[in-house]
Amino acid sequence: MLPHALVVPADAEDDGVMGEHDEDQEHGVEPTRPPLTEARARELTAGLREAMDDVRRSVAVLAARVRDAHAARVWQPLGHSSWESYCAAEFGISRAQAYRLLDVARALTAIHGSVAASPGLSRTRDTDPASAAALDYGLSQRALIAVSGHTDTVAEIITRRLATLAHSGLQALDAATVRTVVRQAVRDVRTAPPPPPAELPADPAVAALRAVVDDLAACSHQLGELMLEVAPSYLSDTEAADVLALLCDEIGETVENGLAARRYALTGDRRALVGTVL
């Protein structure tokens, strides 16, 4: 079933690589292995790269089907009261995961819309929505979730950069070029610093307090990124709490604060920190 694509790490760069333990390792005995040749190492690397590409493509296909199912209000004929109850009953996923699926679908749809509208890409415009959404931009679930609240900005950047390339005539808008432009636009939006406040507080004490809050939020975001390396975004809060318990104990942090920081890193919404560090 496609929904199981949700529970696979989006990519090693974003979500970390989980180690394997065989029976000997569990008992503390390192198995004897023959030396690895360069050719075999390259073969293993190629297989790993292919598997990661397959996961990213499955994310795109899943996003297209989620979008279509939600638009059709698929839960109503099946007797469910809402999208989240439908996802819980049919696929056994949490409310948070159900809405993250929508975030992924909306972000990928917006990205493809900007690509399809660009000059020189008429063949992309002619494809059906499901096939179009399945184009492989090499984006992970975590990246798509991170920009889901900024899809207009991402789409505008992609549209502008592709138009500039098309009109310059210096570079063909082939699949590799489009993929690079899309990935860079997503990366730029993810790493952009938050905009400064429109007006600085007149009271120096308030300005100093705001600076402290900003520093706390920045530190919490870094902590959340660490938490996501250990407990990737496809895990529910309950599952993540079990994984993070030892880490939080080691660094002297509560699991509640760790989960809040993880949610903040996922969403960029400071409200995730209310009741913890803020």
- Please list 46-53, 173-180, 106-113 highest first by mean number of surrounding beta-carbon atoms within 10 Å per residue. 106-113, 173-180, 46-53
- Task: In nm, give the distance between the simple-model label positions of Ala175 and Ala207, each being 7 Å from the Cα along the Cα-to-Cβ direction.
- Result: 5.4
- If the chain between Ala89 and Asp269 were fully stretched, how many nm would it gain, using 0.36 nm times the residue separation less the Cα-Cα distance? 62.0 nm
- With contacts defined as alpha carbon pairs under 8 Å and 6 or more residues apart, what's the relative contact order of the range 52-122 in percent? 32
- Formal net charge of residues neighbouring Ser148 (Cβ-Cβ distance under 10 Å; K, R +1; D, E -1): +1
- Item | Inter-label distance for Ala218 and Ser81, nm, one decimal - labels placed 7 Å from Cα along Cα-to-Cβ | 4.5
- Query: Give me the log10 of I(q) over I(0) for the range 209-278 at q = 0.17, 0.22 Å⁻¹, as the Debye formula computes it from C-alpha points; what are the numbers?
  - Reply: -0.52, -0.86
- Task: Please report, in whole Å, how far the alpha carbons of the range 60-102 spread along each principal axis, starting with the longest.
- Result: 27, 21, 12
- Message: Keeping all protein chains in the complex and leaving out DNA, RNA and ligands, what accessible area do you get for Val147 with a 1.4 Å probe, in Å² to the nearest 10?
- Response: 0
- For His167 and Ala39, compute 0.36 nm times the residue count separating them, minus their Cα-Cα distance, and round to one decimal in nm. 41.7 nm
- Item | Fully extended contour minus Cα-Cα distance, from Ser236 to Ala51, at 0.36 nm per residue | 64.2 nm
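The values are calculated or read from the model by the stated rules, or taken from the named source; none is laboratory data. As the structure is a prediction and not an experimental result, all values here were calculated from the model. Here the Cβ is made from the backbone with ideal geometry for all residues, glycine too, and neighbour counts use every protein chain on show. Heads up: the accessible areas ignore ligands, DNA and RNA and are worked out on the full protein's heavy atoms, side chains in. Shrake-Rupley method; radii C 1.70, N 1.55, O 1.52, S 1.80 Å.
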